[in-house]
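A.B. asks: Let me give you the structure first, and then I'll get to my questions.
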Amino acid sequence: MKTITSPAVNLSAAPPVWIEVDLSAIRHNYQQVRRHVGQSQSILTVVKANAYGHGILPVAQTLIAAGAELLGVASVAEGVTLRQAGVGGKIFVMGQLLPEEAPLVVAHDLTQAVSDEAGALALAQAAQLQEKEVAVHLKVDTGMGRYGVWHEEALPLFQRLLQLPALKTEGVFTHLSSAGLSPHTTQEQLARFSQFLARLRQAGLPAGIRHAANSVGLLKFPEARGDMVRTGLLLYGVSPVKENQPLDLRPALSLKSRVRFIKTVQPGRTVSYGASWKAERPTLVATVPVGYAHGYLRALSNQGRLLIRGRRAPVIGRVTMEDLMADVTDIPGVAVGDEVVLIGRQGNESMTAEELARRASTIPYETLVTLSPRIPRLYA
């Protein structure tokens, strides 16, 4: 395995917590998405948020080698980071542009989402100064209410983009707000997007690449696929769809540590801050050096489960900044130094990001992206 870590992490001693990333699983998952959508749609592979905690550079390189034609990032800074690391191919910045970032977009040959005229003007001016052309996609708000121009007001802005020199208007897109929650809301958004596309046709304007489907959208709403789909979570082996999920996904990330300390807690004694857990029997407690500073959510206090010696153990007491405690009374032979799996597989048992998310009353996106960059990543 190859280790990639923050310069602040000293690996002269064994790391207390580490992440293993199976890059072959990411290649496999990308190929699954490609087979599912077919060859008629392009795929924007999303590597924002440190590739959902997996490590943006190794994941980006893996996806490009697997045939990905377009990488999706959230910010200009992420795009510049990839370019400075030598990543070629097309990189699409999906987040909102600050006008002062426009020269960086042009200099690093990034494709930029545009939601307003100010951003478009800044890009056009920067491109002219650098004697280059910059590709843009117009973001149309059909109900997300975050970035994008409202769909009723999008036609004049699209026309303005076509008039600006040095801008190459490659496409238009929208963002689905409730694809996993409300089919009715999603259908309303797709109808609004279709109406906007119809207005473009009536005006004799080419829409270019049309895209609306995220991971949920491409699985549940084939009509949202357009010319391109945008997928993130599926690449990492986690599905946002619970029932009738058609892809053979392989989770790519494992979060691991080791037992650092063991003690017996007698009945009536408590564990961790706030005394939220009290022993009802003599309890063997293992302390594991993983806490919310590593991204193991505090919401998993008294809720999480982890794997030791191929068996499940409950997290007891509050998750602290650097440590958590587990009840290992019913697991024979637990010893200091035993491997602990917090996400991943051990023996016949597994602990998935989806299960941890349910236990923390959140979503697997958060479970993954909160994993700290301070944790060494080992790649295979």
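A.B. asks: For Pro103, which of the numbered conditions (1) closer than 18 Å to Pro165 by Cβ; (2) exposed (fewer than 15 other Cβ atoms within 10 Å of the Cβ); (3) of a type outside the set (S, T, N, Q) fails to hold?
C.D. replies: Of the numbered conditions (1) closer than 18 Å to Pro165 by Cβ; (2) exposed (fewer than 15 other Cβ atoms within 10 Å of the Cβ); (3) of a type outside the set (S, T, N, Q), the odd one out for Pro103 is (2).
A.B. asks: Taking only the stretch 351-362 into account, find how many residues are touching a residue at least 12 places away in the same chain (Cβ under 8 Å) and either among the polar types (S, T, N, Q) or within 16 Å of Arg298 (Cβ to Cβ) (or both).
C.D. replies: Residues that pass the stated criteria total 6.
A.B. asks: Could you grab me the full set of residues in the stretch 276-286 that are surrounded by fewer than 18 Cβ atoms within 10 Å (Cβ to Cβ) and either without any contact (Cβ under 8 Å) to a residue 12 or more places away in the chain or under 33 Å from the mean Cα position of the chain (by Cα) (or both)?
C.D. replies: The answer is Ser276, Lys278.
Each row is one residue, and each column tells you yes or no for (1) at pLDDT below 95; (2) buried (at least 19 other Cβ atoms within 10 Å of the Cβ).
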position: Ala8; (1), (2): yes, no
position: Leu11; (1), (2): yes, no
position: Leu23; (1), (2): no, yes
position: Arg27; (1), (2): no, yes
position: Tyr30; (1), (2): no, yes
position: Arg34; (1), (2): no, no
position: Ser40; (1), (2): yes, no
position: Ala51; (1), (2): no, yes
position: Ile56; (1), (2): no, yes
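A.B. asks: Conditions: (1) part of a loop (DSSP other than H, G, I, E, B); (2) out of contact with any strand residue (DSSP E or B) (no Cβ under 9 Å at 6 or more places or on another chain). Ala77 meets all but one. Number of the miss?
C.D. replies: Failed condition: (1).
A.B. asks: Please state which of the following conditions Thr287 fails to meet, knowing it meets all the rest: (1) outside any strand (DSSP E or B); (2) more than 28 Å from Leu249 (Cα to Cα); (3) not hydrophobic (A, V, I, L, M, F, W, C).
C.D. replies: (1)
A.B. asks: Could you list all residues from the stretch 296-330 that are outside any loop (DSSP other than H, G, I, E, B) and either modelled with pLDDT under 95 or not charged (D, E, K, R) (or both)?
C.D. replies: Those that are outside any loop (DSSP other than H, G, I, E, B) and either modelled with pLDDT under 95 or not charged (D, E, K, R) (or both): Ala299, Leu300, Leu306, Leu307, Ile308, Ala313, Pro314, Val315, Ile316, Leu324, Met325, Ala326.
A.B. asks: Here's another thing I want to ask about it. What's the total number of residues in the stretch 268-283 that are in contact with a Ser or Thr (Cβ under 8 Å, 6 or more places away or on another chain) and either aromatic (Phe, Trp, Tyr) or assigned to a loop (DSSP other than H, G, I, E, B) (or both)?
C.D. replies: 7
A.B. asks: Still on this structure, I have one more. Could you run through the stretch 208-233 and say how many residues are among the aliphatic types (A, V, I, L, M) and within 15 Å of Val369 (Cβ to Cβ)?
C.D. replies: 1
A.B. asks: Could you tell me whether any residue of the stretch 217-230 is touching a residue at least 60 places away in the same chain (Cβ under 8 Å), within 30 Å of Leu378 (Cα to Cα) and not hydroxyl-bearing (Ser, Thr, Tyr)?
C.D. replies: The answer is yes; a qualifying residue exists.
The values are calculated or read from the model by the stated rules, or taken from the named source; none is laboratory data. All figures in this text were calculated on a predicted structure; none of them were measured in a lab. Glycine also receives a Cβ, built like all others from the backbone with ideal geometry; neighbour counts cover every protein chain displayed.
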